[in-house]
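The structure appears below as structure tokens.
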Amino acid sequence: MISKKVEEAINVQIMKEEHSSRIYMAMASWCETNGYRGAADFLYKQSDEERMHMLKFIKFVNDRDGYAVLSPMETPPAQYKSLRDVFNHVLSHEEFITASINQVYEVSLKEKDYTTGNFMQWFINEQIEEESTVHGILDQMKLLGDDKAGMFHIDKELGAMAAAKVVAPLAE
Ligand code: OFO
């Protein structure tokens with residue numbers, strides 16, 4: 001059984017994960033229509049991954065006798081100044097999500113809900129990996145510069161990262 005406070009905190013997080021998925025899908029669409037096919041593939045995959053995060057939370061709440069609900073959300077931004085601008089936004093969004101995951105963890109500990117606390121560890125670790133990946137991409141951008149040759153190279157690299165990335169389905 002999950003407490004009302006934990007259920008509410010996770011329902012807010014479900015909204016944020018769904019919103020993340022939509023934000024990355026909108027970014028992917030911008031990249032695809034601005035010549036960055038590799039970045040688009042990377043962000044479409046990222047969008048799928050965020051949807052899996054949302055599902056993971058939904059299943060967890062429902063399995064613990066709570067009720068996962070969906071919420072309305074803002075339309076994601078559609079315009080970006082450059083590929084670097086896209087990834088700067090990815091980084092600040094992931095930092096926002098990390099803070100939010102930590103808040104859910106805090107609520108679970110205050111409620112003495114150690115099962116949820118344990119479940120949240122997966123997300124805490126996932127955020128370390130996600131932030132570090134985006135830092136790496138931004139570092140490469142700095143190294144290669146904002147000119148067309150640099151961005152072309154980065155786009156190819158992002159395409160290769162997308163091809164290697166497997167979005168794991170939910171475990172049964
Ligand atoms: Fe990128 O984060 Fe979900 O949790």
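The values are calculated or read from the model by the stated rules, or taken from the named source; none is laboratory data. Since this is a predicted model, take the numbers as computed values, not measurements. Here the Cβ positions follow ideal geometry from the backbone for every residue, glycine too, while neighbour counts run over all protein chains shown. Surface accessibility is based on the protein's heavy atoms, side chains included, excluding ligands, DNA and RNA. Shrake-Rupley method; radii C 1.70, N 1.55, O 1.52, S 1.80 Å.
Specify the inter-centroid distance of segment 107-172 and segment 3-57, based on alpha-carbon positions, in whole Å.
So the separation of the two Cα centres works out to 12 Å.
For the pair Ala168 and Lys5, what calculated FRET efficiency results from E = 1/(1 + (r/R0)^6), where r is the Cβ-Cβ distance and R0 = 35 Å, to the nearest 0.05?
0.75
If you put +1 on each Lys and Arg Cβ and -1 on each Asp and Glu Cβ, how big is the dipole of segment 1-68 around its Cα centre, in Debye rounded to 20?
100
Counting pairwise Cα distances across segment 46-86, what percent come out greater than 15 angstrom?
Pairs farther apart than 15 Å: 62 percent.
Defining a contact as two alpha carbons under 8 Å apart and six or more residues distant in sequence, what relative contact order in percent does the chain show?
Value for the chain: 32 percent.
What part of the accessible area of segment 55-165, given as a whole %, is carbon or sulfur when the probe is 1.4 angstrom?
On segment 55-165, the fraction of accessible area on carbon and sulfur atoms equals 55 percent.
Which value, in debye to the nearest 20, describes the size of the charge dipole of the chain about its Cα centre when Lys and Arg Cβ atoms bear +1, Asp and Glu Cβ atoms bear -1, and nothing else is charged?
Here the chain has a charge dipole of around 140 debye.
Kindly provide the GluC sites (Glu not before Pro) of segment 39-95 that DSSP labels as loop, not H, G, I, E or B, and whose Cβ sees at most 10 other Cβ atoms within 10 Å.
Taking segment 39-95 and a limit of 10 other Cβ atoms within 10 Å, the loop GluC sites (Glu not before Pro) found are Glu74.
Of the listed pairs Lys4/Lys45; Lys45/Lys148; Lys5/Lys59; Lys5/Lys45; Lys56/Lys165, which have alpha-carbon separations greater than 21 Å here?
Cα-Cα > 21 Å for Lys4/Lys45; Lys45/Lys148; Lys5/Lys45; rest within.
Please report the net charge: other residues with Cβ closer than 12 Å to the Cβ of Gly150, K and R +1, D and E -1.
For residues surrounding Gly150, the net value is 0.
If you wrap a convex hull around the alpha carbons of the chain, what volume per residue comes out, as a whole number of Å³?
103
Along segment 63-80, what does the Karplus equation 6.51 cos²θ - 1.76 cosθ + 1.60 (θ = phi - 60°) give for ³J(HN,Hα), rounded to whole Hz, x for Gly and Pro?
5, 9, 6, x, 9, 7, 10, 9, 10, x, 8, 5, 6, x, x, 10, 10, 9
Need the list of aspartates and glutamates near Lys81 for cross-linking: C-alpha distance under 20 angstrom, and skip anything on the same chain fewer than eight residues off.
In chain and number order, the partners are Glu32, Asp41, Glu94, Asp139, Asp146, Asp147, Asp155.
Considering only DSSP states other than H, G, I, E and B, which trypsin sites (Lys or Arg not before Pro) in segment 96-172 qualify as loop sites with at most 11 other Cβ atoms within 10 Å?
Those that pass, being in a loop and sparsely packed, are Lys112.
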